[in-house]
Amino acid sequence: MERGLYIVPTPIGNLGDMTQRALETLAQATLIAAEDTRHSKKLLAHYGIATPLTGYHEHSEPEVTQRLLERMVAGDAIALVSDAGTPLVSDPGFRLVRAAQEAGIPVVPLPGPCAAVTALSAAGLPSDRFFFEGFLPAKSGARRSRLQALLSQQGTLIIYEAPHRIAATLEDAVQVMGDDREAAVARELSKAFETIRRGTLKDLLSWVAGDRNQQRGELVLLIGPMPEPSAGAPLAERDQRLLYRLAQELPPRKAAAIVADHTGQRSRDLYGLLVEGE
Ligand code: SAM
């Protein structure tokens, strides 16, 4: 096998999602660099792959990167895997890829499972443009600020969230983006209890809060883009831009009130424009 760094996605739940090429690459590589060697050992045992493993996690020292680089320079083929899905997507690997490129070592990405894209493909939200946010801050204040900054993003937001935080995050999203923004929760993808549900933020919040089962397992939260203002919107384009810009910094009601003062429009209408595109 040619020397290089091979980026190898692994299943996010269903072992049948391992590709033929991923199996061959792992079997033929000189070494597998894994986020958690104990975790990956089980996966490799399942497929009867005996390639040696070494740890490569988020906090790996520069010496670990250096050691892997030296091996690739000397001709080794190293496969990088994370615990699940595509390495580097909310997982370690960025530094190693950068270092390999800079050392002139080929970096070979294999296509494969990724929770973000899998969720997007079945959420029923606009998918022509999307923004991958990864994990939001764990604390509510910081999380709301981040959601505020994402408020007028013109694409579907893809967020990874821990199951014990999904209700609180939906609550923050309702506060920042309004009751009626379209969203979806994709839980336990490719596993026995796979559940994909689309609704307004408010509906999803009451569904998740009312059913403990929806607060278990692994999940992706998707939030649809801010609706386009309707064609007959009475606001001048410049004022619309001001409204959306303010809404990145302030709750929708406050942004609407300021622009209403400034333009003479009704605050209620401007708020409607922000949360419903009406
Ligand atoms: N690299 C992975 C990928 O390509 O999707 C993501 C790793 S990140 C540390 C783990 C997060 O991905 C979980 O907290 C969850 O938000 C999401 N995730 C992983 N597997 C999932 C699944 N089967 N169903 C839903 N979400 C999943």
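The values are calculated or read from the model by the stated rules, or taken from the named source; none is laboratory data. Quick caveat, the model's predicted, so the values are computed rather than measured. For neighbour counting, all protein chains shown are included, and Cβ atoms are generated from backbone atoms with ideal geometry for every residue, glycine included. Note: accessible area is taken over every heavy atom of the protein model, side chains too, but ligands, DNA and RNA are not part of it. Shrake-Rupley method; radii C 1.70, N 1.55, O 1.52, S 1.80 Å.
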Task: Residue in region 203-213 that is open to solvent by less than 60 Å² (accessible area, probe 1.4 Å) and in contact with a Pro (Cβ under 7 Å, 6 or more places away or on another chain) present - done: no
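Rundown of residues vs (1) in contact with a Leu (Cβ under 8 Å, 6 or more places away or on another chain); (2) among the polar types (S, T, N, Q), yes/no style:
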{"site": "THR86", "(1), (2)": "no, yes"}
{"site": "ARG95", "(1), (2)": "no, no"}
{"site": "ALA99", "(1), (2)": "yes, no"}
{"site": "ALA122", "(1), (2)": "no, no"}
TODO: Could you tell me which residue of region 126-137 is farthest from the ligand (Cβ to nearest atom), considering only residues that are over 30 Å from LEU23 (Cβ atoms) and under 15 Å from the mean Cα position of the chain (by Cα)?
DONE: ARG129
Open item on the list: Going residue by residue through region 42-58, is there one that turns out to be assigned to a loop (DSSP other than H, G, I, E, B) and at positive phi?
Closed with: yes
Open item on the list: If I ask for residues that are at pLDDT 95 or above, crowded, with 16+ Cβ neighbours inside 10 Å, under 26 Å from the mean Cα position of the chain (by Cα) and over 18 Å from THR86 (Cβ atoms), which ones from region 1-60 would you list?
Closed with: THR37
Open item on the list: Among the residues of region 90-116, what is the count of those that are within 11 Å of the ligand (Cβ to nearest atom) and crowded, with 17+ Cβ neighbours inside 10 Å?
Closed with: 8
